């Protein structure tokens, strides 16, 4: 399990408000160097940047909402910042700031501030609203909340994005009727441009097969081997938790295992079983389980019990990260690469870099934010529009990855 849960009291980490150093880093191309060296992103193109520039010209409070399929995404936003000649702020999970002192300095210098995903973080929310209300500079929030290596398929979005935007819109409207808060959805699409994907991922795929105790490569072509590895990992987890491999369509098997992992925890901590997409279910449970763990007052037995529960929650989210039809034919080399990276990350907590990748960053037209929410009991109309726009843009970009033959 990756270190995404920090067992110590949360302390808000603000951004550096100065702009000179952030803009200098962007102009010197240090972001480009980092992305190529660390993430394998060697080239990029911007589309729709004039939408963004027009919102800046009008003085709108600007919220940028990109999809989140790779760890490179926050740095990729720097290319928008450089093209529009404006610094930006970004809301980032607190655990990222805990990796090292150097990482914390780098993130805050580039405008990032922390948000506590396992609780209500009033300081972070207040700063986000303040930034949008004053239109000090654009703010980046990834509405999926976590990295999902499914570039063509959007995951569930967190409603907090609409709450922040609407709260700021109300405050700006009081200042002047012509002052708006707008959202620009941004679709980031990565395309693998290496000469031979099979050669690139063969060592990783062979290692995965060895970890599954398979003594020889699976029969069939590379795609069939990847598909078999995904099913092999699922079957192992079914044996571990359900006692035996399950039958039926993969989607049903995944949901059966997810519910087995989460239902008892939801009854214990929330009073009832939950339904629907995985991210809100995971967040609700973590918000209940974690707070007392940071006080140091739990017994070692109870602490261990809760860590096991958190591990099951993490596993449930990982299972949901494999859409059943994502690599069925016809598929793309990029989808195959993402799946292999996901498998390696789940098995070793770290994925190797494969490149070169080409990033297409498409900025959508501005979505004006209303001051009033839609009818209760219905999907928030702002989130609905963000999701619709983002998925439409990602679907349009998916064809640029080519087809796996």
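Worth a mention:
- For residue 405, the requirement of being part of a loop (DSSP other than H, G, I, E, B), under 25 Å from residue 149 (Cα atoms) and more than 21 Å from the chain's Cα centre (by Cα) is met.
- Filter pass, residue 128 being over 17 Å from the mean Cα position of the chain (by Cα), closer than 17 Å to residue 364 by Cα and surrounded by 22 or more Cβ atoms within 10 Å (Cβ to Cβ): no
- Answer from 264, 245, 249 - the residue that is touching a residue at least 40 places away in the same chain (Cβ under 8 Å) and over 26 Å from the mean Cα position of the chain (by Cα): 249
- Count - residues of the range 374-391 that are buried (at least 17 other Cβ atoms within 10 Å of the Cβ) and touching a helix residue (DSSP H, G or I) at 6+ places or on another chain (Cβ under 8 Å): 4
- Some residue of the range 274-281 being crowded, with 18+ Cβ neighbours inside 10 Å, on the phi < 0 side of the Ramachandran plot and at pLDDT 95 or above: no
- Checked against the criterion of being surrounded by fewer than 17 Cβ atoms within 10 Å (Cβ to Cβ), in a helix (DSSP H, G or I) and in the same structural domain as residue 156 (by TED's automatic domain parsing), the candidates 395, 371 yield just one match: 395.
- Matching residues, the range 137-150, being part of a loop (DSSP other than H, G, I, E, B) and under 15 Å from residue 165 (Cβ atoms): 138, 141, 142, 143
- Only one of the numbered conditions (1) more than 17 Å from the chain's Cα centre (by Cα); (2) more than 23 Å from residue 62 (Cβ to Cβ); (3) in contact (Cβ under 8 Å) with a residue 40 or more places away in the chain is not met by residue 118, and that is (1).
- The condition (being touching a helix residue (DSSP H, G or I) at 6+ places or on another chain (Cβ under 9 Å), without any contact (Cβ under 8 Å) to a residue 40 or more places away in the chain, outside the structural domain of residue 70 (by TED's automatic domain parsing) and in a helix (DSSP H, G or I)) is satisfied by just one residue among 335, 306: 306.
- Residues of the range 241-257 that are more than 16 Å from residue 229 (Cα to Cα), in contact with a helix residue (DSSP H, G or I) (Cβ under 8 Å, 6 or more places away or on another chain) and not in a loop (DSSP other than H, G, I, E, B): 241, 242, 256, 257.
- Flag if residue 153 is surrounded by fewer than 21 Cβ atoms within 10 Å (Cβ to Cβ) and under 16 Å from the mean Cα position of the chain (by Cα): yes
- Verdict on residue 330 being farther than 24 Å from residue 252 by Cβ, modelled with pLDDT under 95 and outside the structural domain of residue 39 (by TED's automatic domain parsing): no
- Residues that are surrounded by fewer than 17 Cβ atoms within 10 Å (Cβ to Cβ) and in contact (Cβ under 8 Å) with a residue 40 or more places away in the chain within the range 284-303 comprise 287, 291, 294, 295, listed in sequence order.
- Condition check for residue 194: at pLDDT below 95 and touching a helix residue (DSSP H, G or I) at 6+ places or on another chain (Cβ under 6 Å): yes
The values are calculated or read from the model by the stated rules, or taken from the named source; none is laboratory data. No experiment lies behind these values; they were computed from the predicted model shown. Glycine gets a Cβ as well: all are built from the backbone with ideal geometry, and neighbour counts include every protein chain shown.
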